[in-house]
Amino acid sequence: MDAPSPARLYASLAGAALVAFGIVGFFYSASFGSPGDVEEAFGMFAVNGWSNVLHVLTGVLGLYLAGYASRPYSLCLGAFYVGLALWGFALGSGAAILGLVPVNAGTDLLHLALGALGVAAALATPAPRKRGKRAAATA
């Protein structure tokens with residue numbers, strides 16, 4: 001199990017928040033069109049069924065990996081969400097990534113913050129020490 005670290009805290013908190021946000025998003029829009037009916041959760045985040053599934057899946061993955069692979073999760077999820085945010089900024093408000101996941105300024109800023117925090121948490125967490133043959137033999 002991973003020791004307490006910024007990456008483990010990030011994986012736990014971001015995972016829980018993403019699952020909650022994804023579930024709440026289904027109350028606003030559960031449309032799986034291309035992009036289908038897009039609503040604004042909390043009046044500022046563009047959501048549809050695809051974005052809700054994305055958030056729930058990445059959140060569940062974070063909760064699952066928080067105990068033993070929090071650093072790789074934080075780094076990979078952070079890079080993924082930074083990329084998603086940059087893609088959303090490039091497309092502009094009202095567009096949809098791959099014609100499925102809607103974007104607007106609020107969503108892009110949320111993804112950018114989530115991604116930057118993930119990368120920062122991964123970088124603030126020391127890499128686990130690899131146990132060599134000598135260390136394993138004496139342990």
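The values are calculated or read from the model by the stated rules, or taken from the named source; none is laboratory data. Everything numeric here is computed off the predicted structure, so don't read it as measured data. Every residue, glycine among them, receives a Cβ derived from its backbone with ideal geometry; neighbour counts consider all protein chains shown.
Does ALA11 satisfy the criteria of being closer than 19 Å to VAL60 by Cα, in a loop (DSSP other than H, G, I, E, B) and at pLDDT 90 or above? In short, no. When the stretch 25-56 is filtered for residues that are among the small types (Gly, Ala, Ser) and assigned to a loop (DSSP other than H, G, I, E, B), the ones remaining, listed by number, are SER29, ALA30, SER31, GLY33, SER34, GLY36, GLY43. Candidates in the stretch 48-70 are the residues that are in contact (Cβ under 8 Å) with a residue 60 or more places away in the chain and crowded, with 22+ Cβ neighbours inside 10 Å; of these, the one that is nearest to SER12 (Cα to Cα) is ALA66.
Checking the condition of a type in the set (Phe, Trp, Tyr) and in contact (Cβ under 8 Å) with a residue 24 or more places away in the chain, which residue from TYR28, TYR73 passes? Please lay out each step first, then the result.
Working: TYR28 fails: in contact (Cβ under 8 Å) with a residue 24 or more places away in the chain.
Result: TYR73 is the single residue among TYR28, TYR73 that is of a type in the set (Phe, Trp, Tyr) and in contact (Cβ under 8 Å) with a residue 24 or more places away in the chain.
Residues in the stretch 79-102 that are buried (at least 17 other Cβ atoms within 10 Å of the Cβ), of a type in the set (Gly, Ala, Ser) and without any contact (Cβ under 8 Å) to a residue 60 or more places away in the chain: 2 in all.
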